[in-house]
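S.K.: One structure is given below, represented as structure tokens, and several questions about it will come after.
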Amino acid sequence: MIRTICFKERRYIEELRILTRATALDCIIDERFDRIVYLIKEGDMGLAIGRKGNNIRKMQRVLGKRIEMVEYSPEIETFTRNVFKPADVLGAGKGDDGKLMVYINKNDLGIAIGKGGCTIEKARLLLSRYFDTELGEVLAGEDAHA
């Protein structure tokens, strides 16, 4: 899937590279939740976050927006776990309607939804962009696996 990145997104990606030396594959400017979501190359997450989150705080000061980072993975289940971190994802799989069903530990359901649904919206954006799949339901489950 070929996607063009606009000037503003390229500038934010370059800013991340300069400040953290980590490689961002993509950047989503989410005006609705006043944040920037970076998709970080596999293995570069530690560089991007920095010791005790220092790099994220530095980026937030420089850019004036909330920064969120997700580590890329070519497998959809691992990618889904990364999107919903720190919530405990028990499993993910396609439902009958073709949409992705995600099962979350019932104690982490609030974290998985996010304030005002911001985490679910981030998951919708990233899953549709990189795996051409729609996010279905996010369900609480004890040991339910898709």
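S.K.: Scan the range 59-74 and give yes if some residue there is surrounded by fewer than 17 Cβ atoms within 10 Å (Cβ to Cβ), over 12 Å from the mean Cα position of the chain (by Cα) and under 24 Å from Asp132 (Cβ atoms), otherwise no.
M.R.: Yes.
S.K.: Restricting the first residue to the range 120-140 and requiring it to be within 18 Å of Val37 (Cα to Cα), which pairs with a second residue that is in a helix (DSSP H, G or I) and of a type in the set (Val, Ile, Thr) meet a Cβ separation below 6 Å and a spacing of at least six or different chains?
M.R.: As it stands, the answer is Ile120/Ile113; Ala123/Val83; Leu126/Val83; Phe131/Ile76, since those pairs meet every condition given.
S.K.: Need at least 1 residues that are within 23 Å of Ile13 (Cβ to Cβ) and modelled with pLDDT under 90 per element, so show me which helices (runs of 4 or more DSSP H) inside the range 46-146 make the cut, counting only ones lying wholly within it. Show your work before the answer.
M.R.: Numbers: elements: 54-63, 76-84, 109-113, 118-131.
Answer list for the range 46-146: 54-63, 118-131.
S.K.: Test of understanding: among Leu90, Leu109, which residue is farther than 17 Å from Glu121 by Cβ, outside the structural domain of Ile49 (by TED's automatic domain parsing) and of a type in the set (A, V, I, L, M, F, W, C)? Write out each step before concluding.
M.R.: Values: Leu109 fails: farther than 17 Å from Glu121 by Cβ.
Of the residues listed, the single one that is farther than 17 Å from Glu121 by Cβ, outside the structural domain of Ile49 (by TED's automatic domain parsing) and of a type in the set (A, V, I, L, M, F, W, C) is Leu90.
S.K.: Under 7 Å between Cβ atoms, at least 6 apart or on separate chains: pull out the pairs that start in the range 14-25 with a residue that is outside the structural domain of Met45 (by TED's automatic domain parsing) and end on any residue that is modelled with pLDDT under 90 and crowded, with 20+ Cβ neighbours inside 10 Å.
M.R.: Here the result reads none, with nothing in the range 14-25 linked to a residue that is modelled with pLDDT under 90 and crowded, with 20+ Cβ neighbours inside 10 Å.
S.K.: Which of (1) surrounded by 14 or more Cβ atoms within 10 Å (Cβ to Cβ); (2) of a type in the set (Ser, Thr, Tyr); (3) over 17 Å from the mean Cα position of the chain (by Cα) is the odd one out, the single condition Thr4 does not satisfy?
M.R.: With respect to (1) surrounded by 14 or more Cβ atoms within 10 Å (Cβ to Cβ); (2) of a type in the set (Ser, Thr, Tyr); (3) over 17 Å from the mean Cα position of the chain (by Cα), Thr4 is out only on (1).
The values are calculated or read from the model by the stated rules, or taken from the named source; none is laboratory data. The structure presented is a predicted model; accordingly, all values stated were derived computationally and were not measured. So basically every Cβ, Gly included, is an ideal-geometry build from the backbone, and we count neighbours across all protein chains shown.
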